[in-house]
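Some notes on the structure that comes next.
Every number here is computed from the coordinates shown, using simple stated rules; none is lab data. Predicted model only: the values in this text are computed from it and were never measured. Ideal geometry is used to build each Cβ from the backbone, glycine not excepted, and the neighbour counts take in all protein chains shown.
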Amino acid sequence: MVATQEAATQAMQRARAAITHRRLDEALTEFIVAAEIAAKAPRCEETCSDAWREAAEIRMRLGQWDRAVEDVVESRDVAADVGDERRLAEAENLLGVIEYERGNWHEASRRYGVAREHAGTIGDERLLVEIETNEGLLWTALGDRQRATESLDWALSRFEELDCEGCGPRLLSNMGTVLVGHGRTEEADALFDRALDECKRRLDLYLGAKVMMNRARLAVGQGDLIRAHTLATTVQSFCEWFTNSSLEAEAMFLLGSIAGRMEHWVEAENSLKTALEMCADGRAPNCEAEAWAELGEVLIGQDRNQEALEAWREARRCYRSLGANLESLRMSDREHFHGNGENPPTF
């Protein structure tokens, strides 16, 4: 039987329907079926490329990082065969997102640069804004404030000209996170609101949970611990629908951070150590670094100085491997000042 575009399209529709019902394994299977059918059908390269890319996004949610990369490469190769610049840009951008999530930050930067070249070729403003926002998030994490500001200013100048209703929740949430890094919290919260509304419209619980985590982080920074705790526990309850331990680890990290700020030391230490177990073996490198840093604060709060120094050394190791030099330096300062019995500087 000759493969048809209609059969591939139907498999794509089944996959997207499965996502709305949180049946991720079923969605993944259908996307792969769609890709394989489309590969054999005439003039079906666009569907084939989309199916592999969307399969990769499901693998990200399942924490299958290596397989996610393989699927995006399939998507990119199909797009390259027909010279589809937009899908090439989308594939490279997604590769950047994957590498960022699993801690390969320099590779993420390279991928974003390639994605920008492809998107610039066709002048796709919306995609360029998404790429620039992703890169701004990366520069913020790396502590490169100047480049983060440049990315943010460029993205905002284009973002305001776009039809905001059509912007995806990931773009809105990432832009909000970059704004938080620049102290523009009210604007960030408004973007998080819009991102959540978009997640509800799309029935996307996973991205909704990611947005709530970003809002919880903002609430912690503002000292609104009740709101932060409510958001983090809500995300934790959602995690039963996912098998991606990085999201659950982040929720557990935030609960530990909140407990530490309330001086509930035992609860804080237990939550942070649980988060570290979930982060092990490269499952969530950034969260692992943050959890070690926060554990150091919890231990120093109990006058367990030597254990705190050891935690900050681990945090420094993690940050250094990510290339987050500013955070690595901050951990060195914590070690130095507490190790010498001095008052540490504030940041």
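Computed values, structure above
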quantity: The chain: relative contact order as a whole-number percent, Cα under 8 Å and 6+ apart; calculated: 10
quantity: Student exercise, the chain dipole from Lys, Arg, Asp, Glu Cβ charges, in Debye to nearest 20; calculated: 300
quantity: Set of aspartates and glutamates near Lys210 by C-alpha distance (under 16 Å), chain-local residues within fewer than 8 positions excluded; calculated: Glu57, Glu101, Asp189, Asp193, Asp197, Glu198, Glu240, Glu248, Glu250
quantity: Longest segment of the chain lacking GluC sites (Glu not before Pro) that sit in a DSSP loop with at most 11 other Cβ atoms within 10 Å; calculated: 1-159
quantity: Given charges at Cβ of Lys, Arg, Asp, Glu: the stretch 230-347 dipole, positive-most of Leu322, Gly256, Gly301; calculated: Leu322
quantity: For the chain, radius of gyration divided by Kirkwood radius, i.e. Rg to Rh on alpha-carbons; calculated: 1.00
quantity: Sites Gln10 and Leu225, calculated FRET efficiency, Cβ-Cβ separation with R0 35 Å, nearest 0.05; calculated: 0.10
quantity: Leading residue at positive end of dipole, the chain (Cβ point charges), from Gly143, Tyr100, Trp312; calculated: Trp312
quantity: Proportion of all alpha-carbon pairs of the stretch 158-286 beyond 24 Å (%); calculated: 29
quantity: Candidates per trypsin sites (Lys or Arg not before Pro) in the stretch 20-116, loop by DSSP, up to 12 other Cβ within 10 Å; calculated: Arg43
quantity: Diffusion coefficient, µm² s⁻¹, Stokes-Einstein with Kirkwood Rh over alpha-carbon pairs of the stretch 30-134 at 4 °C and 1.567 mPa s; calculated: 96
quantity: Value of relative contact order over the stretch 230-347, rounded to a whole percent, pairs C-alpha under 8 Å and six or more apart; calculated: 17
quantity: Proxy reagent accessibility, fewest Cβ within 10 Å first, across Ile122, Ile58, Ile258; calculated: Ile122, Ile258, Ile58
quantity: Using distinct alpha-carbon pairs, which all enter the 1/r mean, Kirkwood radius of the stretch 30-83 in Å; calculated: 10.8
quantity: Total formal charge among the other residues, if their Cβ is under 9 angstrom from that of Arg14, Lys/Arg +1 and Asp/Glu -1; calculated: -1
quantity: Fewest-first sequence of Leu207, Leu295 by Cβ atoms within 10 Å of each Cβ; calculated: Leu207, Leu295
quantity: Cα Rg over Rh - the stretch 230-347, Kirkwood; calculated: 0.99
quantity: Ranked Leu128, Leu152, Leu191, criterion: other C-beta atoms within 10 Å, fewest first; calculated: Leu128, Leu152, Leu191
quantity: D (Stokes-Einstein, µm²/s), Kirkwood Cα radius, the stretch 80-199, 0.692 mPa s at 37 °C; calculated: 230
